[in-house]
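The values are calculated or read from the model by the stated rules, or taken from the named source; none is laboratory data. Small disclaimer: the values here were computed from a predicted structure and weren't measured. Cβ atoms come from the backbone with ideal geometry, glycine included; neighbour counts cover every protein chain shown.
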Amino acid sequence: MENIIFWIVVGIVAGFLAKSVVPGEGTGGIVGDLIIGIVGAFIGGWLFTAFLGHSYGGWIGSTVVAFVGAVVLLVVLRALTSRRNTSRY
């Protein structure tokens with residue numbers, strides 16, 4: 001249970017940082033971007049494990065992993081939503 005709470009907190013921090021780096025506004029606003037940060041934390045853990053064979057621990061390492069996952073997820077989602085918005089007009 002502590003791990004889940006830890007990743008949620010780290011994901012919120014990573015979502016906030018990723019929102020600062022990735023341009024544009026998400027469809028869910030700030031809350032949506034923070035949720036994306038939480039999901040991105042799990043994606044980042046999976047990406048680091050898949051490509052490096054391990055993930056990093058501790059606050060700093062975990063925040064970096066979650067930040068990378070959140071940025072990847074935000075870039076993909078914003079690319080998909082921008083295509084939808086331009087195809088309507």
So how many residues does the range 43-54 have that are surrounded by fewer than 16 Cβ atoms within 10 Å (Cβ to Cβ) and under 17 Å from LEU80 (Cβ atoms)? 0
Residue in the range 31-42 that is surrounded by the fewest Cβ atoms within 10 Å (Cβ to Cβ), counting only those that are at pLDDT below 85 and of a type in the set (A, V, I, L, M, F, W, C): VAL31
Out of all the residues in the range 14-29, which are surrounded by fewer than 19 Cβ atoms within 10 Å (Cβ to Cβ) and over 16 Å from THR81 (Cβ atoms)? PHE16, LEU17, SER20, VAL21
Those residues of the range 7-30 which are assigned to a loop (DSSP other than H, G, I, E, B), under 12 Å from ALA70 (Cβ atoms) and either touching a Phe, Trp or Tyr at 6+ places or on another chain (Cβ under 9 Å) or at pLDDT below 80 (or both) amount to GLY26
Selection status of ILE4, under 12 Å from the mean Cα position of the chain (by Cα), over 13 Å from ARG78 (Cβ atoms) and assigned to a helix (DSSP H, G or I): no
